[in-house]
1. Can you work out which of the residues in the range 81-104 that are farther than 25 Å from residue 349 by Cβ and in contact with a helix residue (DSSP H, G or I) (Cβ under 9 Å, 6 or more places away or on another chain) is surrounded by the most Cβ atoms within 10 Å (Cβ to Cβ)?
2. Out of the range 181-198, which residues are at pLDDT 95 or above and in a loop (DSSP other than H, G, I, E, B)?
3. Against the definition (more than 20 Å from residue 220 (Cβ to Cβ) and within 16 Å of the ligand (Cβ to nearest atom)), how does residue 160 come out, yes or no?
4. For the range 199-222, state whether one or more residues are touching a residue at least 24 places away in the same chain (Cβ under 8 Å), away from the ligand (no atom under 13 Å from the Cβ) and part of a helix (DSSP H, G or I).
5. If residue 253 passes every condition in (1) touching a strand residue (DSSP E or B) at 6+ places or on another chain (Cβ under 8 Å); (2) outside the structural domain of residue 144 (by TED's automatic domain parsing); (3) outside any loop (DSSP other than H, G, I, E, B) but one, which one does it miss?
6. Quick test for you: out of 67, 44, 49, pick the one residue that is assigned by TED's automatic domain parsing to the domain that holds residue 181 and surrounded by 15 or more Cβ atoms within 10 Å (Cβ to Cβ).
7. Mind checking whether some residue in the range 206-214 is surrounded by 24 or more Cβ atoms within 10 Å (Cβ to Cβ) and farther than 22 Å from residue 240 by Cα?
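The values are calculated or read from the model by the stated rules, or taken from the named source; none is laboratory data. These numbers come from a predicted model, not from an experiment. Cβ placement follows ideal geometry from the backbone for every residue including glycine, while neighbour counts extend to all protein chains displayed.
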Ligand SMILES: Cc1ncc(COP(=O)(O)O)c(C=O)c1O
């Protein structure tokens, strides 16, 4: 990426805030000890760690013991699903058909242990079909995992309704909130959710740290042995400076009460407004179609598109990413983790997008670092990139 890049790939990762970098540097210099050590350096580190934990808990409406520090959402998801289920007699795990690969990989491991893994179908917009709820929550379902904000097509799933139904049926409910949390702080203690995974680098915090939030009644078995840190649930010396960085990032987020369907209209008004303007300009270009839900059910910073060339043939999303990069605009085709691979998008397949269009997806995701002047040049560069992508096929 050059300094001139217009960075529209927030769903992949986000630039750390200056306050985050400062906080990390300060702790690296002043509290670099091992928080388990009993001498002065250790006590300084333990104090910094607990201060950060308390601040994070306050910002998320949680109690400090609800937080398990991990290396990121991938690890959190594995700890949630495998830690809850891998020592239990196999039953049924339900996951949505549009999960991130972190969830499908963990579910695959459980499947190899004899668990039945059932996919919750979605509609053409990528929203889980609530008419399937009763069937999917019937025995032998023991756990449900549904992504809160879908990374590739931006769908905000009705996790509150699903969580309440799971609670009524005595079923554990996990949500991957990695893409939703950047838009506002939650009130963890009030949510009908047993386990929640997140990653700091999606909300302008540091890379390499995430959290699993766990309600007190949920029992998990650790996936690794060692020094017994994080209440014995995740061994390994705690990343004190990264925890401080995460606390600093969360401090800057607005708070909101997620309603049953979507992020409330008041959340992120500036980014939402920028996204809506850019989206309508892009949809005005020939061959550009919206993919995924309408604005009400979409992450406020998220645009996902399907692209068609002038002869009516699907354009390659990967080629568009390259052409836009040449023009100083950083975007992604599908989710960051799969955009390096030349495969059909399973998310678009689950939404029943025609097979020949599944490689024509493009994702633009905005963040607080973008100003209106930068965005103003994007539609023109987008149109040029489409012509170039078509001729280079
Ligand atoms: C929805 C979702 N879940 C999980 C992850 C994995 O996060 P990490 O790479 O920080 O472990 C990502 C990252 O792309 C994501 O978007």
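1. At the first step, the residues of the range 81-104 found to be farther than 25 Å from residue 349 by Cβ are 82-91.
Pick out the ones that are also in contact with a helix residue (DSSP H, G or I) (Cβ under 9 Å, 6 or more places away or on another chain) and you get 82, 85-86, 90-91.
Numbers: 82: 18, 85: 23, 86: 17, 90: 15, 91: 16.
Here the answer is 85.
2. Correct list: 191, 192, 193, 194.
3. Values: more than 20 Å from residue 220 (Cβ to Cβ): yes; within 16 Å of the ligand (Cβ to nearest atom): no.
No.
4. Kept after step one, since they are touching a residue at least 24 places away in the same chain (Cβ under 8 Å), are these residues of the range 199-222: 199-216, 218-222.
Now narrow it down to the ones that are away from the ligand (no atom under 13 Å from the Cβ): 204, 213-216, 218-222.
Restricting the remaining residues to those that are part of a helix (DSSP H, G or I) gives none.
Checked against the condition, which is being touching a residue at least 24 places away in the same chain (Cβ under 8 Å), away from the ligand (no atom under 13 Å from the Cβ) and part of a helix (DSSP H, G or I), the range 199-222 yields no hits at all.
5. Evaluating residue 253 over (1) touching a strand residue (DSSP E or B) at 6+ places or on another chain (Cβ under 8 Å); (2) outside the structural domain of residue 144 (by TED's automatic domain parsing); (3) outside any loop (DSSP other than H, G, I, E, B) leaves (3) as the failure.
6. On the way: 44 fails: assigned by TED's automatic domain parsing to the domain that holds residue 181; 49 fails: assigned by TED's automatic domain parsing to the domain that holds residue 181.
Unique residue meeting the criteria: 67.
7. Checked the range 206-214: no residue is surrounded by 24 or more Cβ atoms within 10 Å (Cβ to Cβ) and farther than 22 Å from residue 240 by Cα.
Matching residues to (1) in contact with a helix residue (DSSP H, G or I) (Cβ under 6 Å, 6 or more places away or on another chain); (2) in the same structural domain as residue 119 (by TED's automatic domain parsing); (3) more than 18 Å from residue 91 (Cβ to Cβ):
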| position | (1), (2), (3) |
| --- | --- |
| 141 | no, yes, no |
| 144 | yes, yes, no |
| 150 | no, yes, yes |
| 154 | no, yes, yes |
| 182 | yes, yes, yes |
